[in-house]
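Novice: Here you go, one structure.
We did not get these values from a lab; they are worked out from the coordinates using the rules stated. Being a predicted model, the structure only gives us computed values, none of them experimental. Don't worry about glycine lacking a Cβ; one is built from the backbone with ideal geometry, like all the others, and counts go over all protein chains shown.
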Amino acid sequence: MSKDIKSNLLKYKSLLGLVLLCIVISIITPRFLNVINIMNVLTQVSVNAILAIGMSFVILTGGIDLSVGSTLAISGAVAATLIKSNGSMVMALVVALAIGALIGLLNGIIISKGKIQAFIATLATMTIFRGATLVYTNGTPVSALPENFMLIGNKKLAGIIPMPAVITLVVLLIAWYVLNETRYGRYVYALGGNEDSARLSGINTDKIKIIVYVICGIMAALSGVIVTSRVGSASPNAGTGFELDAIAAVVLGGTSLAGGEGTVVGTIIGAMIIGVLNNGLNLMNVSPYYQLIVKGFVILLAILLDKKNK
Amino acid sequence: MEIKKPLLEMINISKSFPGVKALQNVNLKAYGGEALALVGENGAGKSTLMKILSGVYKKDEGKILIDGNEVNVSGISDAENLGISIIHQELSLLPNLTIYENIFLGNEKYSGAFRKLDKKYMKEKSTELLSKIGFKIKPDTIVKNLNVGEMQMIEIIKAISKNSKIIIMDEPTTALTDVETKKLFEVIEKLKSHGIAIIYISHRLDEIFQICDSVTVLRDGKYIGDAKVKQVSKDDLIAMMVGRKLDEQFPYRDEKKGEVLLKVENLCYKNKVKNVSFYVREGEILGIAGLMGSGRTEAAKTIFGEYKKSSGDIYVGGKKVNINSPKDAIEYGIAYLSEDRKKEGIVLNMSVRENMSICNLKKYENSLKRIDKKEELEDVNTYIKKLSVKTPSPAQLIKNLSGGNQQKAIIAKWIMVSPKVLIIDEPTRGIDVGAKKEIYEVLNELKKMGKAIIMISSDMPEILGVSDRIIVMSEGKLSGELSRKEATQENIMKYAVSINN
């Protein structure tokens with residue numbers, strides 16, 4: 001295989017992987033490739049996709065955010081409580097996103113000014129805010145949510161296209177724009193590529209770090225609202241373990257954990273790969289326990305292929 | 001009469017990278033007991049050729065013979081087993097380990113039944129090797145606490161400790177002082193007397209005439225020729241390297257000096273910078289000379305806001321300013337080009353264009369916070385042309401450029417923000433003769449435009465050739481100031497080694 005073709009193939013490996021996966025699954029089970037199923041996949045993928053987009057910003061700077069699951073839970077819980085007591089959609093949404101932003105701010109400050117490693121800092125906040133959610137909800141789910149709130153997670157535009165997928169698309173477009181067309185996007189890549197060079201070039205690296213964690217927090221809060229809406233109640237255990245799927249999506253999409261390299265489009269493809277895989281295995285009646293093993297192997301494979309490219 | 005056989009022969013070596021023909025039919029012969037200089041402008045292919053020899057790259061075509069036998073060097077351990085050792089231009093020590101751990105990396109000594117690490121032996125052997133070079137330092141010092149020059153000495157000791165037959169030194173003296181260089185040459189003579197072949201890559205022609213026996217010249221990836229050092233002149237060599245005779249190596253232009261743009265008063269930073277005061281005017285190049293460890297870089301970084309000053313005042317254009325970060329410094333019109341471009345100058349996996357425009361993005365921002373990429377590209381292309389940055393396109397990853405062209409790209413980056421004061425730390429380190437001159441011309445242009453330039457340099461001829469005024473630092477203090485007329489290598493050195501009371 002000529003060198004040029006090989007390097008191009010590796011560049012698009014995530015997309016190729018996704019396409020290959022879809023082909024293989026459609027051959028094995030004819031139930032995969034129909035509109036209703038695809039729409040289901042899109043819905044199921046949306047929450048992880050939104051989390052993963054937020055996570056991309058953080059990982060691009062060389063950091064990581066383990067607290068997204070807890071942020072998801074507390075934002076969902078607060079949104080649910082507010083909508084029940086107040087009825088105003090706007091207020092519930094705004095407050096939920098604000099909570100996500102504040103948790104992100106806290107993470108960002110601890111990591112940049114406090115100079116504490118991201119892994120440890122967000123491990124701590126993950127625990128704190130999971131506890132906070134349990135305290136806030138008294139350990140019980142907040143249910144019986146009004147109609148208007150349920151629309152976010154369940155409405156279908158034109159009867160088919162699920163709302164969460166639309167929201168994901170909007171988030172993707174905004175994220176893509178910020179990372180590719182604005183100078184903040186460049187600063188994110190520069191910071192992840194070489195923090196010393198970035199700082200010596202006059203970039204306020206502390207500020208950029210704080211901003212990416214705030215973005216990640218907001219995305220987690222948005223996911224919390226969607227999850228709560230889809231399920232119909234806000235569970236204090238919502239989002240547990242979601243950070244791992246988000247990170248997996250980012251890595252499968254070709255973003256380097258060291259920072260400085262990767263795209264949000266790649267992340268979406270990564271999220272799709274996970275979603276399609278889960279869906280395919282379900283349709284094939286594979287036990288969900290085996291699904292975890294398969295998912296783990298896919299992630300390993302993706303990282304090995306990435307190393308080989310380098 | 002028996003003709004001496006070469007210890008190493010590289011025949012018709014070719015190597016290409018995507019879009020670049022790095023080497024085409026290059027030949028090289030090295031003899032045991034001799035030092036062969038490998039010279040050429042940046043991008044000539046010297047580092048690539050040596051990386052092939054040392055197993056880092058695989059050649060596309062050609063043969064390598066050691067002692068007359070063809071060998072296959074398919075990896076770094078192959079090369080080491082064949083007795084080939086290389087000291088790279090980019091240092092490869094592990095910063096979190098100690099000196100002796102770095103020296104014995106991969107060759108650790110064990111003792112006793114339990115195969116315990118024989119730290120005593122390794123420390124003693126390391127001390128022995130260190131004293132061979134005259135480097136007085138404890139072998140259990142952590143490497144990251146050393147500065148660039150000291151790290152390079154350790155690299156050399158590492159190679160020497162592996163008992164190699166062929167030792168390649170890629171710009172070994174760039175960060176060494178004259179004293180250390182002399183010691184290095186003594187060691188090289190010792191190695192020669194043991195029949196070892198040394199391949200010495202350097203831009204410092206004076207050194208080559210001192211220590212090397214023969215020289216091979218490359219240009220643009222091609223083999224130009226070789227000669228015995230005794231039979232060739234410096235001008236001849238330069239002509240072979242650049243394909244033209246350089247009549248003026250250090251262009252100096254006398255410009256009208258204007259107002260004081262930057263003044264520093266009693267600047268202190270920890271124990272590295274002690275009460276340093278100086279000023280620089282419009283249209284002036286102020287050279288800062290001194291030995292390694294004299295605090296020049298620390299002073300520069302303190303002015304630039306990377307380090308927090310302990311005390312002292314900084315005035316820009318007559319006004320006292322408070323600089324707490326590089327961002328502040330840039331806003332006041334100060335630019336700083338670091339001596340370590342890989343670590344502090346460039347973002348390796350970004351393109352040339354992205355690296356060049358990174359300080360200037362606010363200028364290209366239009367409505368909706370969008371970067372006008374067309375304007376950005378125009379600016380970048382203008383400066384690529386102005387500084388003759390050799391790159392297939394602005395989209396090329398900067399890590400694929402040669403060292404000299406990377407440096408030019410960074411200089412362009414800073415010029416693009418139109419600073420009032422440019423502090424440049426070792427401007428031509430690791431850069432070939434032709435590109436050096438281009439950089440001096442750029443500095444002269446900036447001088448003419450009324451900028452103030454502070455040039456920190458350990459290259460004596462450079463400081464003497466290009467500066468309007470020279471100050472000398474020694475052990476954190478300002479030890480002397482010389483006008484261009486007064487300055488000579490001797491009196492700069494006198495100030496550099498003196499300790500003020």
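Novice: For chain A, modelled as a GNM with alpha-carbon contacts under 10 angstrom, which of A:Ile116, A:Ile64, A:Ile268 fluctuates the most?
Specialist: Per the Cα network of chain A with a 10 Å cutoff, A:Ile116 tops the list.
Novice: Quick check: from the Cα gyration tensor, does chain A come out rounded (a/c under 1.5), prolate or oblate?
Specialist: Verdict is oblate for chain A.
Novice: If you don't mind, another one. If amide hydrogens are placed 1.01 Å from N in the peptide plane, which non-local residues have theirs closer than 5 Å to the one on B:Gly295?
Specialist: Sorted by chain and number, the residues that satisfy this are B:Gly476.
Novice: Got the relative contact order for chain A handy, in percent, Cα pairs under 8 Å and 6 or more residues apart?
Specialist: 34 percent
Novice: Rounded to the nearest 20 Debye, what is the dipole magnitude of the range B:139-253 about its Cα centre when Lys and Arg each give +1 and Asp and Glu each give -1 at the C-beta?
Specialist: 280 debye
Novice: For the range B:287-359, divide the Cα radius of gyration by the Kirkwood radius and give the resulting Rg/Rh value with two decimals.
Specialist: Dividing the radius of gyration by the Kirkwood radius yields 1.01.
Novice: Holding the Cα-Cα limit at 24 Å, pick out from B:Lys109/B:Lys132; B:Lys158/B:Lys222; B:Lys369/B:Lys447; B:Lys58/B:Lys408 the pairs that are longer than that.
Specialist: Too far apart for the 24 Å limit: B:Lys158/B:Lys222; B:Lys369/B:Lys447; B:Lys58/B:Lys408.
Novice: Next up: For chain A, what is the mean residue ellipticity at 222 nm derived from helices alone (per DSSP H run of n ≥ 4: -39500 (n - 2.57); sum divided by total residues; nearest 500 deg cm²/dmol)?
Specialist: Per the formula, -25500 deg cm²/dmol.
Novice: What trypsin sites (Lys or Arg not before Pro) does the range B:111-183 have in DSSP loop regions with at most 11 other beta carbons within 10 Å?
Specialist: B:Arg115, B:Lys136
Novice: With helices defined as uninterrupted DSSP H runs, which ones in chain A have an alpha carbon span along their own long axis of at least 20 Å and mean Kyte-Doolittle hydropathy of at least -1.0?
Specialist: Span-like helices, by this rule, are A:13-28, A:35-60, A:68-86, A:89-112, A:118-137, A:163-181, A:205-231, A:264-283, A:288-309.
Novice: Could you give me D for the range B:341-418, from Stokes-Einstein at 4 °C and 1.567 mPa s, where the hydrodynamic radius is the Kirkwood radius over C-alpha pairs? Units µm² s⁻¹, please.
Specialist: In µm²/s, the coefficient rounds to 104.
Novice: What are the GluC sites (Glu not before Pro) within the range B:221-312 that DSSP puts in a loop, where the Cβ has at most 10 other Cβ atoms within 10 Å?
Specialist: Here the GluC sites (Glu not before Pro) that fit, given the DSSP loop and packing criteria, are B:Glu248.
Novice: Antiparallel DSSP bridges in the range B:8-242: what percent, to the nearest 5?
Specialist: Rounded to the nearest five, the antiparallel share is 55 percent.
Novice: Run the quick spin-label model on A:Val90 and B:Asn163: label points 7 Å from Cα toward the beta carbon, then report their separation in nm to one decimal.
Specialist: 8.2 nm
Novice: By a straight-distance test (C-alpha under 25 Å), which lysines pair with B:Lys228 as possible cross-link partners, with residues fewer than eight away in the same chain excluded?
Specialist: B:Lys4, B:Lys5, B:Lys29, B:Lys46, B:Lys51, B:Lys63, B:Lys165, B:Lys182, B:Lys183, B:Lys190, B:Lys192, B:Lys245
Novice: Please build a GNM for chain A, connecting alpha carbons under 10 Å apart, and tell me which residue among A:Ser143, A:Ser75, A:Ser46 fluctuates the most.
Specialist: The residue with the greatest mean-square fluctuation here is A:Ser143.
Novice: Helix-only mean residue ellipticity at 222 nm, chain B, DSSP H runs n ≥ 4 weighted -39,500 (n - 2.57), per residue, nearest 500. What is it?
Specialist: -9500 deg cm²/dmol
Novice: Sequence-distant or interchain residues sharing an amide H contact under 5 Å with B:Ser479, placed H: which?
Specialist: Under 5 Å from the amide H of B:Ser479: B:Val472, B:Met473, B:Ser474.
Novice: Treating cross-link reach as a plain straight distance, find the aspartates and glutamates whose alpha-carbon is under 20 Å from the alpha-carbon of A:Lys295, omitting any fewer than eight places away in the same chain.
Specialist: A:Glu243, A:Asp245, A:Asp306
Novice: How far apart, in nanometres, would the label points at A:Ser287 and B:Asp206 be if each is projected 7 angstrom from Cα along the Cα-to-Cβ direction?
Specialist: Each label point is offset 7 Å from its Cα along the Cβ direction, giving 7.8 nm.
Novice: Follow-up. Can you pull the Kirkwood radius for the range B:8-242, inverse mean 1/r over Cα pairs, to one decimal in Å?
Specialist: 18.5 Å
Novice: Mind checking which lysines have their C-alpha under 25 Å from A:Lys84, skipping anything on the same chain fewer than 8 residues away?
Specialist: A:Lys155, A:Lys156
Novice: Let me ask you something else. Let me know the charge dipole size of chain A about its Cα centre in debye, to the nearest 20, where only the beta-carbon of Lys, Arg (+1) and Asp, Glu (-1) is charged.
Specialist: Computed charge dipole of chain A: roughly 340 debye.
Novice: Still on this structure, I have one more. What is the range B:8-242's relative contact order, in percent, from Cα pairs under 8 angstrom and six or more apart in sequence?
Specialist: Reported relative contact order: 30 percent.
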